[in-house]
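Structure, as structure tokens:
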Amino acid sequence: MSLLRKIIVCSALLTLLGIAQARAEDDMNILRDEETEQDLKTMITPIFRQAGLSPDTVKFIVVQSNELNAFVAGGQNIFLYTDLILKTENPEELFGVIAHESGHIADGHLFRGKQDMQHLSTEAILTQLMGVAVGIAGRSTDAAVAVGSAGNSILTRTLLRHTRTQEGSADRAGVRFLQGAGLPVTGFLSFMKKLESQELVPETEQSEYVQTHPLTQDRIESLQHAVDDGPKGHTPPEWAEMHRRIKAKLLGYLFPDRSLADRDTSTAAEYGHAIAWYRKNEPDKALATVEPLIKAEPQNPYFYELKGQILFDSGRVDDSASAYAKAAQYAPFSGLIRTSYAQSLLESKHNQSEHLAEAVKQLNLALDSEKQSSEPHHLLAIAYGKQGQEGLSRLQLAEEAMLDGNAAFAKREAGLARTKLTRGTPAWQRANDILDIASQDAHGGGKLE
């Protein structure tokens, strides 16, 4: 499996296991939030089109870290650290950084070379690049497993550092993409100027972004010329609100006290306050804050998603299912929301037969967009098990094991599934396929895809 796939697979697995709840303060966590990912994709789409890349293949991975960094790894996968997002003052700065990272993708600067990868163990890469998958909305923080520390900047510099030539090339590409998309370059320049002073301090005190993206005065001057001499560009007005909500949600989730200290009453700020109250285990205050938001935007799926999470975690499972149903109705593309909806249905003590059938439906729909997540398979195994469909339940356990890289367990469960499934059916054939792939992987002749 590729590096990125291991990161995503392990993060999904750890979310499910919940075998430890303590986390070190400097752990790196992957945050999943549908709204944030969709808004970032909206910003990247015109930039990617200018780069000749497919917007549908980009994946944003938001990493919880007090370090300031962004990088590309494993293909069209852009990692953004929360500290970097919080330090951007406007959408122009955020999509300016993204445009630069898109330049690295277009120019093939994903890693310095295969030799670098060969000198790093998988464990070392995972320790540095991923921690625990948790969520801003629609995900519980209880299932947290400490995996790695963000303090090991040596690996980051070794694995992700670009040359000055590559940085200049990515700058030029990013500027070209921004101008081609009719977007301003001003934010890219202003963000780089924020980092300019770090060149004067010892490397050990520099941000990870400067360590992995060497900054020079020539780069600043080149960007200044692009702003002075090039087209001004225009940012869609709705992107400013997207940016405000992204930051407000992160602030409420990561720093609830700071969020609540802000007396701003804008929609974005109140959104962050609702999340902050949720994080402080004050469900009544959280619900009281989110309800006016729903009234103001009655078709916003993410407000319903947050309401569903608050209700679910406070033990009001049936009420949470109703909220998630609304969220899924208004965001039918969201596998994350459908998965949370299905989980609430599985936890319900009422109308169990009906709820089980709906959970199975929602989870199968979730897999359309969450192909690299093992969680829907895990929940499907539970749902089929409750329905008495042992063959399908074991097949889903095998699918989960495949995504988690556990060939031995996948082979075992697929073998048991085959004995319970009707010969010749698609499910029976899939069990055979898993057996073949798992057997090849066990002998070093294949890999789990």
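When S374, S439 are checked against the criterion of being more than 29 Å from the chain's Cα centre (by Cα), open to solvent by less than 40 Å² (accessible area, probe 1.4 Å) and of a type in the set (G, A, S), a single residue qualifies: S439. Would you check if T289 is outside any helix (DSSP H, G or I) and out of contact with any Lys or Arg (no Cβ under 6 Å at 6 or more places or on another chain)? For T289, the condition - outside any helix (DSSP H, G or I) and out of contact with any Lys or Arg (no Cβ under 6 Å at 6 or more places or on another chain) - is not met. Mind checking which residues of the range 277-306 are in contact (Cβ under 8 Å) with a residue 24 or more places away in the chain and closer than 19 Å to F255 by Cβ? Those that are in contact (Cβ under 8 Å) with a residue 24 or more places away in the chain and closer than 19 Å to F255 by Cβ: Y278, R279, K280, A286, L306.
Just to be sure before I move on: is E399 over 29 Å from E291 (Cβ atoms), within 24 Å of the chain's Cα centre (by Cα) and assigned to a helix (DSSP H, G or I) in the structure I sent? Yes. Figure legend. Inter-residue proximity from the range 397-423: first residues more than 20 Å from L367 (Cβ to Cβ), second residues of a type in the set (S, T, N, Q) and buried (at least 21 other Cβ atoms within 10 Å of the Cβ), beta-carbon distance below 9 Å, spacing 6+ or different chains. Indicated pairs: K420/S393. Of all the listed residues (T265, T235), the sole one being more than 23 Å from the chain's Cα centre (by Cα), among the polar types (S, T, N, Q) and exposed (fewer than 15 other Cβ atoms within 10 Å of the Cβ) is T265.
Of all the criteria given as (1) in a helix (DSSP H, G or I); (2) at pLDDT below 95; (3) open to solvent by less than 40 Å² (accessible area, probe 1.4 Å), the one not satisfied by G446 is (1). One residue stands out among those in the range 388-404 that are in contact with a Leu (Cβ under 7 Å, 6 or more places away or on another chain) and at pLDDT below 95: the one that is nearest to I337 (Cα to Cα), which is D404.
The residue that is nearest to T289 (Cα to Cα), among those in the range 238-259 that are aliphatic (A, V, I, L, M) and surrounded by 19 or more Cβ atoms within 10 Å (Cβ to Cβ), is A248.
On the given criteria, is Q309 of a type in the set (S, T, N, Q), in contact (Cβ under 8 Å) with a residue 12 or more places away in the chain and open to solvent by less than 20 Å² (accessible area, probe 1.4 Å)? So Q309 fits the description; yes. Considering L356, L363, L346, the condition of being of a type outside the set (D, E, K, R), buried (at least 24 other Cβ atoms within 10 Å of the Cβ) and either touching a Ser or Thr at 6+ places or on another chain (Cβ under 7 Å) or modelled with pLDDT of 95 or more (or both) is satisfied by L363 alone. Residue count for the range 151-200 satisfying the condition of being modelled with pLDDT of 75 or more, surrounded by fewer than 20 Cβ atoms within 10 Å (Cβ to Cβ), of a type outside the set (S, T, N, Q) and assigned to a helix (DSSP H, G or I): 8.
Residues in the range 378-387 include none that are open to solvent by 30 Å² or more (accessible area, probe 1.4 Å), of a type in the set (F, W, Y) and touching a Leu at 6+ places or on another chain (Cβ under 6 Å).
What about E358, is it over 20 Å from G405 (Cα atoms) and of a type in the set (D, E)? Taking the combined requirement at face value, the residue satisfies it.
The values are calculated or read from the model by the stated rules, or taken from the named source; none is laboratory data. All figures in this text were calculated on a predicted structure; none of them were measured in a lab. Every residue, glycine as well, gets a Cβ built from its backbone with ideal geometry; the counts of neighbours run over all protein chains shown. Just the protein is used for accessible areas: all its heavy atoms, side chains included, with ligands, DNA and RNA removed. Shrake-Rupley method; radii C 1.70, N 1.55, O 1.52, S 1.80 Å.
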